[in-house]
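Asks: One structure is given below, represented as structure tokens, and several questions about it will come after.
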Amino acid sequence: MKFSNLHAAISALELLFRATNTDGFAVGRHHHHHAASTTATVTPRGNHRQIGGSTLLFESAVDVNDGEQAAPVAEDATTGDETAKAEPVLEGTAGGDETSAEPPSSSGDDEPEEVVEEESKPDLLASLAEPVPPAGHSVESRETKTGTVHTLTVHLGQPGHPEPLVFETGKIGRQAAGAVLLTRGNSIVYSTCARDNDPKSTIDFAPLSVEYQERFSSAGMTSGGFNKRDGRPQEHEILVSRIIDRPLRPLICDGWKHETQLLNWVLSYDGERGLEALGATAASAAMLISDVPLMKSVAQVQVGLIDDTFVVNPTNEQMAASRLNLIVAGTKDAVLMIEGAADFLPEKTMIDAVTLGHSVIGTICDGLDAFRDVAGKPKKLDTIPPPIDGLQDAVNALMTERVDASMELRGSKKEREAESSPGGAMYVYCIEEMLKEFTEEEHGPG
């Protein structure tokens with residue numbers, strides 16, 4: 001009797017593909033997001049301020065051409081051509097002869113020329129010299145009228161980042177599977193994780209949806225119309241949602257088919273640092289303490305480079321002068337995703353930046369693991385079908401050489417897809433062979 005559901009065999013072959021095509025940075029179904037070249041833009045004069053890519057605060061921008069004037073030109077009356085402005089002609093005092101003007105004679109009584117001092121640039125690295133608490137974490141629990149509130153405080157131990165990350169759960173959003181308030185300075189991100197009660201049996205992927213929203217009210221503003229206040233997500237918010245989704249999705253247990261939502265709201269913004277990495281870390285914490293089977297803690301940080309000095313989670317002022325804008329996501333064991341841009345930096349510099357970011361991620365993940373032990377719910381695993389014993393080993397033995405050979409194909413894209421894409425020749429061959437060896441009568445549906 002043949003399988004009614006071929007998902008198990010297909011998943012096993014996909015695991016082999018991923019194991020074959022994985023390098024030091026990739027985990028799961030992601031591709032790398034290597035640093036790319038940046039483009040410089042000139043901001044026209046106006047009043048605006050951004051959180052990442054969305055406008056929230058207002059301040060006057062400086063025109064790059066302030067103080068510069070075009071050289072004077074004279075226009076010919078007959079032809080309209082622009083010519084250099086003629087020098088004035090001075091007439092002499094005798095006989096009307098033309099003479100040239102003599103430079104004024106200098107005397108000791110003349111006042112010295114006034115020297116205009118250039119405005120000094122702010123020292124963007126001055127904050128790095130200030131002392132910061134050592135890296136570490138602490139978890140506290142307190143009883144309230146509505147229940148127990150758990151608080152995790154994580155110190156990154158990085159120069160220029162004295163503010164701790166403070167995670168809190170149990171105070172609001174108690175009906176969600178997981179709800180976390182993450183505070184850094186005066187910025188607050190609220191993340192909730194919720195799931196459907198019944199799994200969807202007709203799908204073969206994790207039905208996860210992620211939303212990230214930056215509200216004007218977080219910066220002290222309220223727009224006058226509904227469309228302006230609660231309209232569709234901006235492009236920047238969609239991109240941040242993807243950054244949150246990519247490292248989390250592969251770490252959800254295979255076979256999870258409950259529709260799951262991750263909602264992230266910026267409740268308060270202090271204008272100091274970007275919120276992309278903060279939102280992703282809050283979303284990870286909310287899912288980690290919920291009953292959704294996310295098996296490892298995930299964190300994200302941003303790394304900048306100013307005067308050959310790395311800065312973790314740099315301020316907006318520092319990022320304006322940074323040659324690197326790198327977001328690193330991962331667990332304490334491996335890097336899951338890198339995304340960003342760089343100004344033609346050498347490979348060693350990029351590796352050092354990723355290494356620094358991953359070390360800070362490990363500090364955060366250690367705290368999140370302790371947070372889960374105190375505030376986490378048991379994972380819901382009863383609706384996930386158990387794996388078929390021996391299936392992955394059988395697929396590896398049958399398909400390893402063929403998968404390796406497919407990686408060296410030099411034909412057209414159409415020819416490569418016909419061989420190795422889902423539904424291609426390799427998939428059909430693998431399924432037919434596995435159905436001969438594994439039956440429902442012996443192993444049950446899978």
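Asks: What is the stretch 329-413 by shape, rounded, prolate or oblate, if you read a ≥ b ≥ c off the alpha carbon gyration tensor as root eigenvalues and call it rounded for a/c under 1.5, prolate for a/b larger than b/c, and oblate otherwise?
Replies: Numbers: a/c = 3.10, a/b = 1.06, b/c = 2.92.
Oblate, since a/c reaches 1.5 and b/c is not below a/b.
Asks: Report the label-to-label distance for Ser217 and Lys145 in nanometres (one decimal), using points 7 Å from each Cα along the Cα→Cβ vector.
Replies: Here the answer is 2.3 nm between the modelled labels.
Asks: Then there's this: Which FRET efficiency, nearest 0.05, do Val374 and Glu317 yield, Cβ-Cβ r, R0 51 Å?
Replies: Numbers: r = 37 Å, r/R0 = 0.72.
The formula returns an efficiency of 0.90 here.
Asks: Let me ask another. Compute the Cα gyration tensor for the stretch 184-327, then decide on rounded, prolate or oblate, letting a ≥ b ≥ c be the square roots of its eigenvalues: rounded whenever a/c is under 1.5, prolate when a/b is larger than b/c in the other cases, and oblate in all that remain.
Replies: Oblate, because a/c is 1.5 or more while a/b does not exceed b/c.
Asks: Just to confirm the filter: which GluC sites (Glu not before Pro) across the stretch 314-415 are DSSP coil and have at most 10 other Cβ within 10 angstrom of their Cβ?
Replies: Filter output for the stretch 314-415: Glu408.
Asks: In nm, to one decimal, how far is the modelled label at Lys348 from the one at Leu409, with both set 7 Å along Cα→Cβ?
Replies: 4.0
Asks: Rounded to the nearest 0.05, what FRET efficiency do Asp308 and Thr439 give with R0 = 45 Å and r taken as the Cβ-Cβ distance? Could you check? If you can, show how the numbers build up before the last one.
Replies: On the way: r = 63 Å, r/R0 = 1.40.
The computed FRET efficiency comes out at 0.10.
Asks: A follow-up question, please. Given the stretch 290-446, report the % of alpha carbon pairs whose separation exceeds 22 Å. Before the final figure, lay out each step's value.
Replies: Working: 8041 of 12246 pairs.
Cα-Cα pairs in the stretch 290-446 separated by more than 22 Å: 66 percent.
Asks: Starting from 0.36 nm per residue, how many nanometres of slack lie between Leu125 and Gln234 once their C-alpha separation is accounted for? Walk me through the intermediate numbers first.
Replies: Details: separation 109, 0.36 × 109 = 39.24 nm, distance 3.24 nm.
Taking Leu125 through Gln234 to full extension adds about 36.0 nm, to one decimal.
Asks: Arg402 to Gln261: extension gain in nm, 0.36 nm per residue of separation minus the Cα-Cα distance?
Replies: Working: separation 141, 0.36 × 141 = 50.76 nm, distance 3.82 nm.
Working it through step by step, the gained length comes to 46.9 nm.
Asks: Leaving out ligands, DNA and RNA but keeping every protein chain, what accessible area does His137 have, in Å² rounded to the nearest 10, with a 1.4 Å probe?
Replies: For His137, the solvent-accessible surface is approximately 90 Å².
Asks: May I ask you to list the residues of the stretch 377-413 whose amide nitrogen lies under 20 Å from a point 7 Å from Cα along the Cα→beta-carbon direction of Ala425?
Replies: Residues 396-413 qualify, since their backbone N sits under 20 Å from the label point.
Asks: Let me ask something else. Structure shown: which of Lys348/Lys413; Lys332/Lys413; Lys171/Lys380; Lys379/Lys436; Lys332/Lys380; Lys171/Lys379 lie over 29 Å apart, alpha-carbon to alpha-carbon?
Replies: Details: Lys348/Lys413 33 Å; Lys332/Lys413 37 Å; Lys171/Lys380 23 Å; Lys379/Lys436 34 Å; Lys332/Lys380 24 Å; Lys171/Lys379 21 Å.
The pairs that break the limit, which is 29 Å between Cα atoms, are Lys348/Lys413; Lys332/Lys413; Lys379/Lys436.
Asks: Taking every pair of Cα atoms in the stretch 235-302, average 1/r, invert it to obtain the Kirkwood radius, and report Rg/Rh to two decimals. Before the final figure, lay out each step's value.
Replies: On the way: Rg = 12.6 Å, Rh = 12.8 Å.
Value, to two decimals: 0.98.
Asks: Mind giving me the FRET efficiency for Gln175 and Ile384? R0 is 22 Å, r the Cβ-Cβ distance, nearest 0.05 is fine. Working shown, then result.
Replies: Values: r = 24 Å, r/R0 = 1.08.
Taking R0 as 22 Å, the efficiency between Gln175 and Ile384 is 0.40.
The values are calculated or read from the model by the stated rules, or taken from the named source; none is laboratory data. Keep in mind that this is a model prediction, so the values were computed, not measured. Heads up, the Cβs are rebuilt from the backbone with ideal geometry, glycines too, and the neighbour counts pull from every protein chain shown. Quick note on the areas: whole protein, heavy atoms, side chains included, nothing else; ligands and nucleic acids left out. Shrake-Rupley method; radii C 1.70, N 1.55, O 1.52, S 1.80 Å.
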